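Worksheet for the structure shown next.
Nothing in this text is a laboratory measurement; each read-out follows from the coordinates by a stated rule. None of the values given here were measured: they were computed from a predicted structure. Cβ: placed from backbone, ideal geometry, glycine included. Neighbour counts: every protein chain shown.
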Amino acid sequence: MAAPTVSYAALIYTVTFSLPSNTGGTGVTIDGYEILFKQSNGDWSVATGCDGTDLTVISTRTCDVALTTLTAAPFSLVQGN
């Protein structure tokens, strides 16, 4: 599976990812993705807006995360890092 792409516009990060090349067998459907963002302390967490079990995220393979989400706890990221 290729690495996800991330774009930024209007204070929103958009994450787009492709289907995996192997889903575990013929006819096996994907019922969710694990989409994690790295916190400033090195831990990983799910971000609001990027729930990999959401049907829209599963079908479009795209999710949006507000800059304010990533700069607030628990992520506490600094823009530009």
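Residues of the range 29-39 that are assigned to a loop (DSSP other than H, G, I, E, B) and in contact with a Leu (Cβ under 9 Å, 6 or more places away or on another chain): I30, Q39. Out of all the residues in the range 56-76, which are of a type in the set (V, I, T) and closer than 15 Å to S7 by Cα? Matches in the range 56-76: T62, V65. Taking the range 40-50 as the range and being in a loop (DSSP other than H, G, I, E, B) and surrounded by fewer than 16 Cβ atoms within 10 Å (Cβ to Cβ) as the test, the residues that pass are S40, N41, G42, D43, V46, T48. Set side by side, the residues T68, T53, T26, T14 differ, and just one is outside any loop (DSSP other than H, G, I, E, B), of a type in the set (S, T, N, Q) and either exposed (fewer than 14 other Cβ atoms within 10 Å of the Cβ) or more than 11 Å from the chain's Cα centre (by Cα) (or both), which is T68. In the set (1) assigned to a strand (DSSP E or B); (2) of a type in the set (S, T, N, Q); (3) touching a Gly at 6+ places or on another chain (Cβ under 8 Å), the condition left unmet by S7 is number (3). Consider the range 35-50 and keep the residues that are farther than 15 Å from I12 by Cα and of a type outside the set (A, V, I, L, M). The one that is farthest from the chain's Cα centre (by Cα) is N41. Applying the set (1) among the charged types (D, E, K, R); (2) without any contact (Cβ under 8 Å) to a residue 12 or more places away in the chain; (3) in contact with a Phe, Trp or Tyr (Cβ under 9 Å, 6 or more places away or on another chain) to D64 leaves exactly one unmet item: (2). Checked against (1) more than 21 Å from A2 (Cβ to Cβ); (2) loosely packed, with under 13 Cβ neighbours inside 10 Å; (3) in contact (Cβ under 8 Å) with a residue 12 or more places away in the chain, E34 passes all but condition (1).
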